[in-house]
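Enquirer: This is the structure I have questions about; it appears just below.
The values are calculated or read from the model by the stated rules, or taken from the named source; none is laboratory data. Bear in mind that the values here come from a model prediction, so they are computed numbers and not experimental data. Cβ: placed from backbone, ideal geometry, glycine included. Neighbour counts: every protein chain shown.
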Amino acid sequence: MTSESKKLGAAKAPLGFAQHDHSTCMSDALTAADARCAADGLRFTPVRRKVLEILLQDHRALGAYTILDKLREDGFGSQPPIAYRALDFLVANGLAHKIERLNAFIACAHTNHSHTPAFMICRLCDAVAEALSSTARGALRDAARTTGFRIEQTVIEAEGICPSCLNKADA
């Protein structure tokens, strides 16, 4: 194992790269989504809930057509608007994010508060981890202010190699 992969393993890894109880992770996320929708007066329909469940199954970004295939298997229909409307709802309400680099979607790992997501995308296995990036947000806001630019949305995407793939390479 390299010193770099030891450091990554020793540091608290963002959700997606960290070992955790995934069934509890999914259950907690769905409970939080239910509560948030109820508190905000949003309709968390069965298809929206199912799309969130699909996104929560793995910490990987999924394309809309992969989601649509899974919806079809579960009897929710096969028309693309079904998946896209549910994804639009989840993204608009902070329950999911779109990963532009992959043209795919992932469940939000930090639904309890407003944040600027930073995504680490493994170029080998496509695992995605979401971390909070308040420092980067502040630096971008400062840069925008000096140029007169108004930022409407900040999403940070970084590509590299996840701890699991680093460990495999070291073996």
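Enquirer: Taking into account only those residues within the range 144-157 that are part of a helix (DSSP H, G or I) and not β-branched (Val, Ile, Thr), which is modelled with the lowest pLDDT?
Expert: That would be Ala144.
Enquirer: Pairs needed: first member in the range 26-41, under 15 Å from Phe89 (Cα atoms) and touching a residue at least 12 places away in the same chain (Cβ under 8 Å); second member anywhere, in a helix (DSSP H, G or I) and not aromatic (Phe, Trp, Tyr); C-beta distance under 6 Å; at least 6 residues apart or different chains.
Expert: Ala33/Leu52
Enquirer: If I go through the range 42-64 residue by residue, how many of them are of a type outside the set (A, V, I, L, M) and within 18 Å of Asn112 (Cβ to Cβ)?
Expert: The number of residues fulfilling the criteria is 2.
Enquirer: Look at Ile99 and say whether it is modelled with pLDDT of 85 or more and touching a helix residue (DSSP H, G or I) at 6+ places or on another chain (Cβ under 8 Å).
Expert: Taking the combined requirement at face value, the residue does not satisfy it.
Enquirer: Can you tell me which residue is farthest from the chain's Cα centre (by Cα) among those in the range 127-157 that are over 28 Å from Ala39 (Cα atoms) and surrounded by 13 or more Cβ atoms within 10 Å (Cβ to Cβ)?
Expert: Ala144
Enquirer: Is the range 18-28 home to any residue that is at pLDDT below 90 and among the β-branched types (Val, Ile, Thr)?
Expert: Looking for residues that are at pLDDT below 90 and among the β-branched types (Val, Ile, Thr), one finds at least one in the range 18-28, hence yes.
Enquirer: Do we have Gly160 as of a type in the set (Gly, Ala, Ser), farther than 20 Å from Val91 by Cβ and modelled with pLDDT of 90 or more here?
Expert: yes
Enquirer: Sticking with this one: Quick check on the range 97-111: of everything there that is under 8 Å from the mean Cα position of the chain (by Cα) and of a type outside the set (A, V, I, L, M, F, W, C), which residue is nearest to Gly63 (Cα to Cα)?
Expert: Going through the qualifying residues, I end up with Lys98.
Enquirer: Also: Mind listing whichever residues of the range 35-50 are surrounded by fewer than 13 Cβ atoms within 10 Å (Cβ to Cβ) and more than 13 Å from Ala86 (Cα to Cα)?
Expert: The answer is Ala38, Ala39, Asp40, Gly41.
Enquirer: Go through (1) in a loop (DSSP other than H, G, I, E, B); (2) surrounded by fewer than 17 Cβ atoms within 10 Å (Cβ to Cβ) and name the single condition Glu53 misses.
Expert: Of the numbered conditions (1) in a loop (DSSP other than H, G, I, E, B); (2) surrounded by fewer than 17 Cβ atoms within 10 Å (Cβ to Cβ), the odd one out for Glu53 is (1).
Enquirer: Does Ile67 fit the bill of being part of a helix (DSSP H, G or I), within 23 Å of Arg123 (Cβ to Cβ) and either among the charged types (D, E, K, R) or within 19 Å of the chain's Cα centre (by Cα) (or both)?
Expert: Yes, satisfied.
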